[in-house]
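The values are calculated or read from the model by the stated rules, or taken from the named source; none is laboratory data. Not measured: the values here are computed from a predicted model. All Cβ positions, glycine included, derive from the backbone under ideal geometry; neighbour counts span all protein chains shown. These accessible areas exclude ligands, DNA and RNA; they are computed on the full protein's heavy atoms, side chains included. Shrake-Rupley method; radii C 1.70, N 1.55, O 1.52, S 1.80 Å.
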Amino acid sequence: MHSGSCLCGAITFEVEGSLSPPDACHCSQCRKWTGHFLASTDVPRKQLKIEGAEHIAWFESSKKVRRGFCSACGASLFFDPLDREKHAWIGVAMGAFDTPTDTRLALHIFVAEKGDYYDIGDGLPQNPY
């Protein structure tokens with residue numbers, strides 16, 4: 001079991017089972033949403049339990065996805081594909097976990113859009129998109 005929360009604690013969540021290796025998304029939307037880049041893990045929806053869901057504000061950032069954040073403190077939490085029949089998962093921000101995650105970053109995506117103020121030097125695979 002892995003648990004987490006937003007900055008103010010209005011939203012808490014638990015994930016049953018192990019977490020898949022996270023990726024780091026460097027696209028311009030994730031950078032603007034988080035202030036840097038988004039490290040997240042894809043969790044089967046049926047394994048995610050959320051308390052305080054009434055405090056989640058959703059922003060539909062494209063025709064394919066919405067992003068969930070705390071309406072009280074603004075913490076970036078969830079990356080949710082809109083086509084839920086095709087996608088049985090929801091992305092959960094790694095920084096929101098309170099407990100050890102027992103996983104490691106696996107790859108970087110959308111590196112063609114990464115900020116010019118940092119380098120990626122961890123040796124992990126880097127996908128341009």
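A few remarks follow.
- With respect to the conditions (1) free of Cβ contacts under 8 Å to residues at least 40 places away in the same chain; (2) closer than 15 Å to I11 by Cβ; (3) open to solvent by 40 Å² or more (accessible area, probe 1.4 Å); (4) of a type in the set (A, V, I, L, M, F, W, C), L82 falls short on a single one, namely (2).
- Residue among D23, D42 that is touching a residue at least 40 places away in the same chain (Cβ under 8 Å), touching a strand residue (DSSP E or B) at 6+ places or on another chain (Cβ under 7 Å), among the acidic types (D, E) and open to solvent by less than 50 Å² (accessible area, probe 1.4 Å): D23
- All strands (runs of 3 or more DSSP E) inside region 7-93 with 3 or more residues being over 28 Å from Y117 (Cα atoms): 12-15, 48-51, 56-60
- Members of region 85-122 that are at positive phi and surrounded by 10 or more Cβ atoms within 10 Å (Cβ to Cβ): F110
- Candidate set: region 42-95, residues that are over 23 Å from A106 (Cα atoms) and of a type in the set (A, V, I, L, M); chosen: the one modelled with the lowest pLDDT: L82
- Top-ranked residue of region 45-64 - restricted to ones that are under 24 Å from S18 (Cβ atoms) and free of Cβ contacts under 8 Å to residues at least 40 places away in the same chain, ranked as most open to solvent (accessible area, probe 1.4 Å): K49
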